[in-house]
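Here's the structure, in C-alpha cells; my notes come after.
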Amino acid sequence: MPPALTWLVRHGQSTSNAGLPADSYGDIPLTELGLQQARALAGKVERQPDLLVVSPYLRTRETADPLRQKWPSTRCETWPIQELTYLSPARCRGTTAADRRPWVDAYWRQCDPDYVDGPDAESFRAFAGRLNDFHRRLTALEAAFVIVVGHGQFFRGYLLGRSVSFQATADWMRAYRADETARPMANGEIVALSSDEFAGTGTSDH
C-alpha cells in the first residue's frame with residue numbers, strides 16, 4: 001500500500017531561480033525568499049510526518065531544514081530525485097538561465113531519449129528510470145504521511161510518467177516538455193497525493 005498521504009514539495013526559490021549564475025547544480029542555495037518559503041512550508045505541517053525525503057541537492061535540504069527542526073524525530077532520507085541533468089554541468093558552470101537557453105532549445109528540438117550531452121549528464125531514458133524507481137520505492141512504503149522535498153521538473157515528470165508506465169519515448173519527451181513548461185511548479189508549491197491516486201499506475205521493468 002502506498003502512503004495514505006504524500007506531499008510532493010518543490011524547493012524554495014534558489015539563487016539560480018532568481019537569475020544568478022551557478023557553478024554546480026547540486027550546491028545552489030536558497031535565496032532569502034526561498035528560506036522564507038521553507039519556513040512557511042514547515043508552518044503548514046500540522047502533524048508529524050512518518051518520513052521526510054529530500055534530493056541530494058543543497059536547495060532541497062535547506063527547504064527541509066525547518067521541517068526537521070519542527071519534527072526532529074521524523075526519519076529523513078536522501079533519494080536520487082534530483083532534476084533531469086540533460087545539459088553537461090561542466091559546460092554550464094558559471095552560466096545563467098539566459099546563457100543556457102540556446103542549448104536548452106536545441107536539446108528539446110532533438111528530443112532523443114538516448115542523447116547524452118556529456119559524461120556528467122544523463123539521458124532522458126535514465127531520468128525515466130529514476131522516476132520509475134521513485135514510484136516503486138514510494139508505493140512500497142508503509143506510512144501514513146510522507147513529505148518529499150524535491151524539484152518541480154522531477155515531480156512533473158513523475159505525475160505525467162505514471163500514465164505511460166515511465167516508458168521513455170520521443171512522444172513522451174515532447175509531452176513532458178510541453179506540460180513542464182506550460183504548468184511549472186512554483187517554488188514551495190505542494191502537490192498532495194492520496195493513496196487512491198496511486199491506483200492503476202504502473203512501472204516498467206527497465
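Since every read-out is calculated from the coordinates, none of them should be taken as a lab result. Everything quoted here is computed from the prediction, not taken from an experiment. Backbone-built Cβ (ideal geometry, glycine too); neighbour counts: all protein chains shown.
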Distance (nanometres) between label positions extended 7 Å along Cα→Cβ at residue 96 and residue 40: 2.4 nm
Cα-centre dipole for the chain with unit charges at Cβ (Lys and Arg positive, Asp and Glu negative), debye to 20: 300 debye
Gyration tensor (alpha-carbon) shape descriptor, the stretch 5-198, a/c threshold 1.5: oblate
Nearest-0.05 FRET efficiency for residue 181 and residue 68, computed from C-beta distance (R0 25 Å): 0.20
Ranked 7, 79, criterion: other C-beta atoms within 10 Å, fewest first: 79, 7
Added length on full extension, which subtracts the Cα-Cα distance from 0.36 nm per residue, residue 88 to residue 195: 34.8 nm
Low-density loop positions, trypsin sites (Lys or Arg not before Pro), the stretch 31-68 - DSSP coil, at most 14 other Cβ in 10 Å: 47
Which of 110, 169, 29, positive extreme of dipole for the stretch 5-198 (C-beta unit charges): 29
